[in-house]
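Report on the structure given below.
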Amino acid sequence: MLFTTFAIVTVAGAVAAMSFRHLVHSVLSLIVAFAGLAAIYLLLGAQFVGLAQVLIYIGAVAILVVFAILLTRNTREIQRSIAVSSWRQSVAVVFAVFGVLAWAIYGSGAISHVMRPQPEVAIQQIGDALILRFALPLEIIGLLLTVALIGAVTIAMQEKKEKR
Amino acid sequence: MGETADQIFVTLQHSIAGYAPAGLRPVLSTMLAVIAILGVFALLFAMTTVLERKGLGRIQNRYGPNRVGPFGLLQPIADGIKSLTKEDIVPQAADKAVHLLAPISLVLAAFTLFAVLPLGRNMVLVNLDAGVLFFFAVSSVMEVAIFMAGWSSRNKYSLLGAMRAIAQMISYEVPLILASVTVIMAAGSLSTVEIVARQSGYSGILPHWFVFTPWGFAGFFLFMVAATAESNRSPFDLPEGESEIIAGYFTEYSGFKFALFFLGEYIGMFAISGLGITLFLGGWSAPLSFLTWIPSYLWFFAKLLAVIAMFIWIRGTLPRLRMDQLMNFAWRFMLPMALINLVTAGIWHFFEHGVLRWIVCSVVVVVSYVLLGRGLTQGWKLERRIYRFAE
Amino acid sequence: MTQLTSCLLLSALLFAIGLAGALMRRNAILVLIGIELMLNSANLNFIAFWRYGPHPEALTGMIFVIFSIGVAAAEAAVGLALIISLYRHIRTTDIEEVNSMRG
């Protein structure tokens, strides 16, 4: 019951995010979708991931998108359509993709699976796994985030040297 | 006697919840605790508004409010009546739904922060395994609420104030979280109850609080400065400074919604001070070992009042920082200091107990503080060298 | 309809919605939002399989999602920086206007 509520909230937020004309409304519905997903993660027992989802996606990625929207605003409101000219083909592709995925889910062994009890995960175990077994991916993602930070700042920096 | 006074609220909660059928008992006991938290912190908010105005008044060589009630102590009631009966003006071009939702989500997020703070022995609402992470996750929802407030007013200055506030809050979140990570490293757990339990021993009469270690002292300083910036209080209150940008992101709010914003900000300030007390000042444990007969919740609130007094004092004393000074301070002083503090905490952990680790850690912290401070004030930059030859 | 099936169907639905947005909207920022939704749906898939699959104590699904959230944040940052830089040249974020190779 709880899962159904959060699922409806998430899907409603996602549909609203993709269909609003005004960009900031779209980002606010995206935040609702992220919050719904975080609630589902907490329901499934993944405490760390649910809280990390709120912290990173809602607290950082959504705010980043908001800043980008405010920096790239068109001051005149254009009455063009919100969809690209090839939207009919896109709709067909999307329905095909969802059809294939749903067929794969129903045709797999997921229909008849054994219900397991909630796994008890201590945060300590996640820490141990990250440092012992996944030490190399941890270092690589540190490097990746540093490179992304430097890259994003370099790309978005204003070029100052052109006025002579 | 000390034990019963200490646990009096816990036993009260259990006895009232005992009247319910067994299925509803946890729900009822949680609801009692929630009502108690809401009541206590709303009262504390009312008291703080009048204390702050009187404190600021005395610092500025004048009386604070002293008309309503003895020494002006019933001022919050007058303020409450005023804000409830004022006309609620919403700008015509404003986005009505978001305009209404912003103060509500701010207050909701601010009150949710108290769920993981241990207010006394056995007096935490939810003992989450990842309590500190929960705290930071919910405080990032507060940033979104501030953006919603600033943007929905359709006012250039509100939007500017909201953008500045978000930039400031995000910049100061990094040293805040890094300072907390040193404590998490030392305590070995993200759970606030566990962190307080680690600080509740005594060696002689002195407690084992983390603030009494070199890295803890630097970490406490970093945490408190970042907490001041996170709650948009002076000297970091450029986004809401009255003389700069009228009221920043809540310019267009009036009446009850303005009061809700005020409430949300102050409750956020209490919550983050509460986290600072939990992480560095030992939570509910007494400062000297012969004082443990005083109940634990009294110690928590005493420390909270001391930290609030500190905030009021700083507000009355220091001038406001400009936006670029603020950002420079965060990225060029606090972030390197927090990283060096992290290394120092690691060094502290791996040395054996004794004078040597005190000396090494103190030297590292003091030297880095002096060098970084000098670098900030004199504007040292990493630039390419420019060679000048004799003409 | 077991719990696992409903989680997987939700994930497939979110993926389809994100894909629809990424393919159909004109604004580049909305394309990025669609991509973020698709990444989130994949994360949900991983967590569902971690919870209901064999060996949840190995924590593989959870660790994968932690890294995936980190990578998605980095990619959003770089993508938005590119969009801002593009806007400075062309003064629009409409992807139908970006159709020439000349700078």
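For B:48, B:292, A:5, what ranking results if the residue with the fewest other Cβ atoms within 10 Å of its Cβ goes first? Show your work: numbers first, answer last.
Numbers: B:48 22, B:292 17, A:5 11.
Ascending number of Cβ neighbours within 10 Å: A:5, B:292, B:48.
Between residue A:11 and residue B:206, the modelled label-to-label distance comes to 6.2 nm, taking each label 7 Å out from Cα in the direction of the beta carbon. Comparing B:323, B:123, B:31 in a Gaussian network model of chain B where C-alpha atoms under 10 Å apart are linked, the largest mean-square fluctuation is found at B:31. Got a sec? Which residues in segment B:122-154 would a label at residue A:133 touch, if it sits 7 Å along Cα→Cβ and we count backbone N under 18 Å? Answer for segment B:122-154: none. Between residue B:325 and residue A:145, the distance separating the two model label sites (each 7 Å from Cα on the Cα→Cβ line) works out to 3.2 nm. When you filter the trypsin sites (Lys or Arg not before Pro) in segment C:66-103 for DSSP loop state and at most 11 other Cβ atoms inside 10 Å of their Cβ, you are left with C:91, C:102.
The calculated FRET efficiency for the pair residue B:374 and residue A:73, based on their C-beta separation and a Förster distance of 51 Å, comes to about 0.80. A straight chain from residue B:38 to residue B:363 at 0.36 nm per residue would run longer than the Cα-Cα distance by 112.6 nm. Across peptide C:35-42, the mean count of Cβ atoms from other chains lying within 10 Å of each residue's own Cβ comes to 4. The simple spin-label model puts a point 7 Å past each Cα toward its Cβ; for residue B:84 and residue B:302 those points are separated by 3.5 nm. Residue by residue along B:321-333, Cβ atoms of other protein chains within 10 Å of the local Cβ number 0 on average.
Per residue of A:30-38, what is the mean number of Cβ atoms on other protein chains within 10 angstrom of that residue's Cβ?
On the way: counts 7, 4, 0, 7, 3, 2, 2, 9, 2.
Taking the mean over all residues of the peptide, I get 4.
Normalised Debye scattering of the protein assembly as shown at q = 0.05, 0.07, 0.10 Å⁻¹ gives log10 I(q)/I(0) of -0.26, -0.51, -1.08, counting only Cα atoms as equal scatterers and leaving out solvent.
Could you list, in their original order, any pairs among B:54/B:86; B:86/B:156; B:54/B:96; B:54/B:303; B:156/B:257 whose Cα atoms are separated by more than 29 Å?
Details: B:54/B:86 24 Å; B:86/B:156 25 Å; B:54/B:96 36 Å; B:54/B:303 20 Å; B:156/B:257 20 Å.
Exceeds cut-off: B:54/B:96.
Applying a DSSP loop filter and a limit of 16 other Cβ atoms within 10 Å to the trypsin sites (Lys or Arg not before Pro) in segment B:42-148 leaves B:62, B:67, B:86. Cβ crowding within 10 Å, taken as a proxy for footprinting-reagent exposure, orders B:14, C:89 from fewest neighbours to most as C:89, B:14. From its DSSP helices (H runs of at least four residues, each -39,500 (n - 2.57)), chain A gives a residue-normalised ellipticity at 222 nm of -21000 deg cm²/dmol. Take the convex hull of the alpha carbons in chain A; its mean projected area over all directions comes to 15.6 nm².
Counting other C-beta atoms within 10 Å, which of B:386, A:40, B:166, A:141 has the fewest, and how do the rest follow?
B:386, A:141, B:166, A:40
Placing a label point 7 Å from the Cα of residue B:62 along the Cα-to-Cβ direction, the residues of segment B:295-322 with a backbone N closer than 15 Å are B:316. Which of C:59, C:32, C:14 moves the most in a Gaussian network model of chain C with Cα springs under 10 Å? Largest GNM mean-square fluctuation: C:59.
Inverting the mean 1/r over all pairs of different Cα atoms, compute the Kirkwood radius of segment A:1-74 and quote it in Å. Before the final figure, lay out each step's value.
Working: mean 1/r = 0.0788 Å⁻¹.
Averaging 1/r across every pair of different Cα atoms and inverting gives 12.7 Å.
Using only the Cα atoms of chain B, build the gyration tensor, take square roots of its eigenvalues as a ≥ b ≥ c, and label the shape rounded, prolate or oblate: rounded if a/c is under 1.5, else prolate if a/b is larger than b/c, else oblate. It comes out oblate by the Cα gyration axes. Highest GNM mean-square fluctuation among B:186, B:20, B:286, for chain B modelled with Cα contacts below 10 Å: B:20. Calculated mean residue ellipticity, 222 nm, chain B: -21500 deg cm²/dmol, from DSSP H runs (n ≥ 4) at -39500 (n - 2.57) each, averaged per residue and rounded to 500. From its DSSP helices (H runs of at least four residues, each -39,500 (n - 2.57)), chain C gives a residue-normalised ellipticity at 222 nm of -27000 deg cm²/dmol.
Read the figures in this text as sums done on the coordinates, not as results from a lab. Computed from a predicted structure; not experimentally measured. Please note: Cβ atoms are built from the backbone with ideal geometry, for glycine as well, and neighbour counts cover all protein chains shown.
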